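Trainee: Take this structure, written in structure tokens, and hold onto it; I'll ask about it next.
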Amino acid sequence: MAFGACDWPDQTEYLHGEAPRNVILFIGDGMGAEQAKAASIDRFGSDGGLGFQEFPVVGYVETRSADSAVTDSAAAATAMATGFRVGNGVISLSVPGDRSRLLTILEYLQRYGKSTGLVSTKFITDATPAAFGAHQSSRSMTDRIALDYLERSRPDLLLGGGGYGIGDRIASANGYTVVADAAELDAVPDDARMVSGQFGSGAMPFEYDGLGDLPTLSVMVAKAIAILSSDPDGFFLMVEGGLIDTACHSNDLARAVREVQGFDDAVSIATAWAIGRTDTLIIVVADHETGGLDGASGTFSTTGHTSADVPVYAWGEGADRFGGTVENRDIPCLILDMPVD
Ligand SMILES: [Zn+2]
């Protein structure tokens with residue numbers, strides 16, 4: 001079966017290729033190079049100090065969608081999840097095209113027995129996580145996106161804001177254990193599966209404003225890795241720093257910077273776990289840039305998304321495949337070590 005930019009590896013290719021056993025894909029929504037620069041200058045006094053900025057491989061990603069030079073998060077995440085460019089707003093369906101479901105890398109890796117998880121600081125049915133576990137013609141169809149998760153793709157972990165189609169009752173009815181705050185998440189045993197963390201209703205609070213009894217992104221990632229890594233077959237985990245985009249739409253530098261720093265803290269949790277391993281690939285990428293930020297001056301030039309290329313930082317098994325400039329739809333091919341057209 002074809003990806004847009006390559007072929008899904010068949011079983012022989014997969015088992016004998018160089019696909020890493022564990023994949024942790026971090027997506028900073030709206031996080032271009034200038035957002036990282038601003039966050040580094042704020043914390044360290046100069047650019048290049050964030051943990052992911054020091055990853056051994058740095059490349060660039062072209063971000064356009066099928067119908068626009070300026071992508072939205074649905075089309076961008078679909079490209080990175082499926083290898084296909086789709087129209088803005090579309091969640092992993094072939095649109096434009098025959099409207100068929102596009103296999104996602106999460107669904108593909110489930111076939112090899114891997115545990116899977118989606119983590120976001122937005123509500124968990126928002127566009128970026130949705131593209132990995134749902135298939136709908138519009139990102140606004142969050143009720144259907146929730147049902148795609150709960151009844152079809154069934155990731156082992158869904159951690160993020162609640163509401164927008166996902167709720168205690170429907171998750172429980174589909175066999176998920178629901179946790180609602182940091183203490184309940186902490187109490188989940190590491191061998192648990194089918195956990196729905198519904199932390200508030202809607203997007204989670206900005207780290208700048210404090211999370212109260214809700215878990216930070218770092219806390220969610222630490223728990224996700226503890227749970228998923230108990231699977232001897234390995235795991236796929238997608239983590240979205242979703243509020244970087246929200247803050248940049250408001251041209252709110254203080255909150256954007258703090259979100260990038262919290263995102264970097266979460267990446268560092270993953271890197272610390274993976275140090276010494278030779279079977280794990282960690283990727284940090286963005287779906288698009290938001291705000292037209294100049295990181296040195298801290299000035300924004302728009303309240304929308306831009307067409308700027310975004311950096312991709314890679315660490316671990318197969319990281320060297322991410323140097324140079326790639327297209328967003330190449331990402332799953334590169335993760336699975338398949339040649340890109
Ligand atoms: Zn946005």
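The values are calculated or read from the model by the stated rules, or taken from the named source; none is laboratory data. It should be emphasised that the depicted structure is a prediction, and the values quoted were computed from it without experimental measurement. Neighbour counts run over all protein chains shown; Cβ positions are idealised from the backbone, glycine included. Please note that ligands, DNA and RNA were not included when accessible areas were found on the heavy atoms of the full protein model with its side chains. Shrake-Rupley method; radii C 1.70, N 1.55, O 1.52, S 1.80 Å.
Trainee: Expected output is a single nm value to one decimal: the length gained when fully extending between Ser307 and Tyr112, i.e. 0.36 nm times separation in residues minus the C-alpha distance. What is it?
Mentor: 66.6 nm is the gain from fully extending Ser307 to Tyr112.
Trainee: If you rank Glu259, Glu317 by how much accessible surface each has, with a 1.4 Å probe, what is the order from largest down?
Mentor: My answer, sorted largest first, is Glu317, Glu259.
Trainee: Provide the per residue accessible area, probe 1.4 Å, for the chain, rounded to a whole number of square angstrom.
Mentor: That works out to 35 Å² per residue.
Trainee: Further, regarding this structure: Between Glu18 and Ala187, what FRET efficiency comes out of the Förster formula 1/(1 + (r/R0)^6) with R0 = 30 Å and r the beta carbon distance, rounded to 0.05?
Mentor: The value I calculate is 0.20.
Trainee: Can you give the local net charge around Arg21? Use residues other than it whose beta-carbon is closer than 14 angstrom to its beta-carbon, Lys and Arg +1, Asp and Glu -1. Please list the in-between numbers first.
Mentor: Details: positive: Lys114, Arg277; negative: Glu18, Asp231, Asp233, Asp279, Glu317, Asp337.
So the environment of Arg21 carries a net charge of -4.
Trainee: For Ser172 paired with Thr278, estimate the spin-label separation in nm (one decimal), with each label point 7 Å from Cα along the Cα-to-Cβ line.
Mentor: Between Ser172 and Thr278, the simple spin-label model gives 4.8 nm.
Trainee: Would you calculate a helix-derived [θ] at 222 nm for the chain, using -39,500 (n - 2.57) for each DSSP H run of n ≥ 4 and dividing by the full residue count, to the nearest 500?
Mentor: Counting only the DSSP helices, I get -8500 deg cm²/dmol.
Trainee: While we're on this one: Measure off, as a whole percent, the carbon and sulfur share of the 1.4 Å-probe accessible area of region 95-225, all protein chains present.
Mentor: Details: 2370 of 5000 Å².
Here it works out to 47 percent.
Trainee: So what J values fall out for region 168-183 if you push phi through Karplus, 6.51 cos²θ - 1.76 cosθ + 1.60 with θ = phi - 60°, rounded to Hz, Gly and Pro as x?
Mentor: Result, rounded to whole Hz: 3, 5, 5, 5, 4, 5, 9, x, 8, 7, 9, 10, 10, 8, 5, 5.
Trainee: Per residue of region 54-63, in order, report the coupling 6.51 cos²θ - 1.76 cosθ + 1.60 (Karplus, θ = phi - 60°) as ³J(HN,Hα) in whole Hz, putting x for Gly and Pro.
Mentor: Per-residue couplings from phi come out as 9, 4, x, 10, 10, x, 10, 10, 7, 10 Hz.
Trainee: At a Cα cut-off below 27 Å, give the lysines reachable from Lys114, other chains included and same-chain residues fewer than 8 away excluded.
Mentor: Of all the lysines, those that pass the test against Lys114 - Cα under 27 Å, at least 8 places apart if same chain - are Lys122, Lys223.
Trainee: Over all pairs of distinct alpha carbons, what does the Kirkwood formula give as the hydrodynamic radius of region 10-167, in Å?
Mentor: 16.9 Å
Trainee: Output the lone cysteines of the chain: those with no second cysteine's C-beta under 4.7 Å from their C-beta.
Mentor: Cys248 - these cysteines have no disulfide-compatible partner (Cβ-Cβ under 4.7 Å) in the chain.
Trainee: Taking θ = phi - 60°, what integer Hz values does the Karplus form 6.51 cos²θ - 1.76 cosθ + 1.60 yield along region 306-311, in sequence order, with x for Gly and Pro?
Mentor: Per residue, the Karplus-derived 3J(HN,Hα) values read 10, 8, 4, 4, 10, x Hz.
Trainee: In square angstrom, rounded to the nearest 10, how much accessible surface does Val340 have for a 1.4 Å probe?
Mentor: 50 Å²
Trainee: Moving on. Restricting to bridges with both residues inside the chain, how much of the DSSP beta-bridge set is antiparallel, in percent to the nearest 5? Before the final figure, lay out the partial values.
Mentor: On the way: 16 of 51 bridges.
So the antiparallel bridges in the chain amount to around 30 percent.
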